[in-house]
Amino acid sequence: MPQPAAYSATDRQRCAFCGYGIPTEPVRTPSGAVCCSEACSAAIDAGETPPDHPAVTWRTTGVAALDTLLPRGFPSNSFVLLSAVDGIRHRELGTELVWRTLARGEPAVVVAFVDPAVAVVQQFLTHGWNVLPFLESGDLHIVDCFTSRLREKHQTPQHQIEWNAFLDRFLEDAATVVLEPSDLRAVEDALHDRLEAADMVGQGIVVIDSLNEVERQGHETGTEQFVKEVRGDVCSRKFVPIFASVTTNGGESFLKRSQYLFDGIVEMRHTESLVDGVRLKQLGVRKMDGALYHPDWVAYEQYAGGLRTFDPAADLAAVYGPLSPPSGHRMEAGGGRARGAPQSRQRR
């Protein structure tokens with residue numbers, strides 16, 4: 001078989017159609033355009049419009065604590081697992097990811113297994129993030145996989161606070177109730193229908209609130225197939241990233257067996273190794289295929305504007321207020337108990 005030409009100065013040229021570098025002898029169109037292949041040359045001759053360059057874009061999450069660890073962003077075709085031990089409110093990270101996406105003018109879909117649609121809306125409002133205009137415009141849509149699992153008389157409550165009844169007006173068009181959430185193909189269909197309706201190709205984000213609940217509904221083999229299919233269609237074909245939460249105490253076995261399914265894994269944990277007797281929350285990136293990421297654990301907390309990192313050695317009292325030391329412990333100037341030289345970053 002013929003071998004490609006040796007790597008040469010031509011690799012500095014870019015194909016006039018696909019936009020990628022040309023590592024072999026270039027192909028020229030009758031008009032003189034330089035292409036990497038006969039297929040690209042033929043596309044130009046046929047008058048086809050070149051695709052956006054590059055096809056895979058790089059994005060920042062907009063979440064300050066996470067962007068600290070991903071200085072160059074992440075590929076737009078990623079399926080990212082948000083993994084946390086039980087007791088850490090890791091779904092707040094998913095909520096902020098959606099809000100930051102909406103704030104920069106892109107659509108978002110939340111696949112909700114843990115809460116009804118009205119509770120998903122309340123999560124945003126609790127943080128002061130008004131998503132009502134986005135629900136009204138269709139930029140935010142909720143695929144509700146919770147409500148139909150309730151007893152029928154509780155699915156459409158007549159007795160609720162007036163505010164929730166008001167929010168229900170927004171959800172008439174902004175939520176899709178999946179009637180059989182145990183049929184994960186029905187969940188996929190609802191998701192794909194929404195992506196198509198919102199023209200979500202190369203833009204937006206999908207957040208799944210709990211893979212633990214997905215596994216309970218679809219069982220292990222169904223969950224793996226679900227992840228494979230939505231990753232292949234949503235991430236790989238449409239270049240729409242997916243972030244999915246999992247609690248490791250309940251889904252550790254699934255996580256260990258299925259790491260290969262995910263392009264990225266973000267972990268959240270508790271630690272008392274930085275300051276004696278103080279349980280701090282830390283965030284770290286275990287992997288992010290194709291991206292540069294810092295291998296550190298960083299301390300973080302939920303502020304009014306979202307998740308932020310801080311230095312426990314200097315900012316503990318500013319974040320939590322004065323802490324009372326157990327007997328026999330010496331308080332540091334920053335409000336913590338002395339333990340070596342605690343740092344905001346800790347190597348993984």
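Sorted by packing (mean other beta-carbon atoms within 10 Å per residue), highest first, where do 301-311, 187-197 land? Display every interim value, and only then the final one.
Details: 301-311: 15.9, 187-197: 17.6.
Answer by packing, highest mean first, reads 187-197, 301-311.
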* To do: Calculate, in whole percent, how much of the Cα-Cα pair population of segment 236-324 lies beyond 18 Å.
  => 57 percent
* Structure fact -> Sorted by chain and then number, the residues having a modelled amide H within less than 5 Å of the amide H of Thr176, at least 5 places away or on another chain, are Ile142, Val143, Asp144
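I need the peptides 129-142, 105-118 ranked by packing, meaning the mean over residues of other C-beta atoms within 10 angstrom, with the highest value on top. Don't skip to the answer; put the middle values down first.
Details: 129-142: 18.6, 105-118: 21.9.
Per-residue Cβ counts within 10 Å, averaged per peptide and sorted highest first, yield 105-118, 129-142.
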* May I ask for the equivalent-ellipsoid semi-axes of segment 86-242, computed as the square root of five times each C-alpha gyration tensor eigenvalue and listed largest first in whole Å? => 22, 20, 15
* To do: Quick one: which residues, 5 or more positions from Arg59 or on another chain, have an amide H under 5 Å from its amide H? H modelled 1.01 Å from N in the peptide plane, none for Pro or chain starts.
  => Phe74, Ser76
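Order of Ser236, Ser76, Ser273 from fewest to most other C-beta atoms within 10 Å? Working shown, then result.
Details: Ser236 15, Ser76 20, Ser273 12.
By the 10 Å Cβ count, ascending: Ser273, Ser236, Ser76.
Each value in this text was obtained by applying a stated rule to the coordinates, not by laboratory testing. Only a predicted model underlies this, so the values are computations on that prediction, with no experimental measurement involved. Virtual Cβ from ideal backbone geometry, glycine too; neighbours counted across all protein chains shown.
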